[in-house]
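Worksheet: the structure to be examined is printed underneath.
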Amino acid sequence: MICREVVELMTDYLDGALSQEDRARFEDHIAGCNGCTAYLEQLRRTRSVIGRLAAEPVPAGLEAELLSAFRSWRSGPRP
Ligand SMILES: [Zn+2]
């Protein structure tokens, strides 16, 4: 599984919506990828904030903003 796939599955992962197989592949990738681990944590935190807002609408473009921040991180200089 590549980072892009992992990022696309993160919402489903946090919702517990992945199949057992996808979940295992997802967790395999996360275990070896600092970027995706950091992004997952960020997304989890964002969603818990959103959850606390209950009836409030989800801030427009918030997830998209995080996603684009992550993408620019990925396209930066590699070690
Ligand atoms: Zn990754």
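Each residue in segment 12-34 was checked for being exposed (fewer than 14 other Cβ atoms within 10 Å of the Cβ) and within 21 Å of Ser68 (Cβ to Cβ), and 1 pass. Name every residue in segment 35-48 that is more than 15 Å from the ligand (Cβ to nearest atom) and surrounded by 12 or more Cβ atoms within 10 Å (Cβ to Cβ), in order of residue number. Scanning segment 35-48 gives Arg44, Thr46, Arg47. Among the residues of segment 1-11, those that are closer than 16 Å to Ser68 by Cβ and more than 10 Å from the ligand (Cβ to nearest atom) comprise Glu8, Met10, Thr11.
Restricting the first member to segment 19-30 and to residues that are free of Cβ contacts under 8 Å to residues at least 40 places away in the same chain, and the second to residues that are assigned to a helix (DSSP H, G or I) and not aliphatic (A, V, I, L, M), the beta-carbon pairs closer than 6 Å and six or more apart or on different chains are Phe26/Tyr13; Ile30/Cys36; Ile30/Thr37.
FYI, it's all coordinate maths here, none of it is from the lab. Since we're looking at a predicted model, the values are computed, not measured. For neighbour counting, all protein chains shown are included, and Cβ atoms are generated from backbone atoms with ideal geometry for every residue, glycine included.
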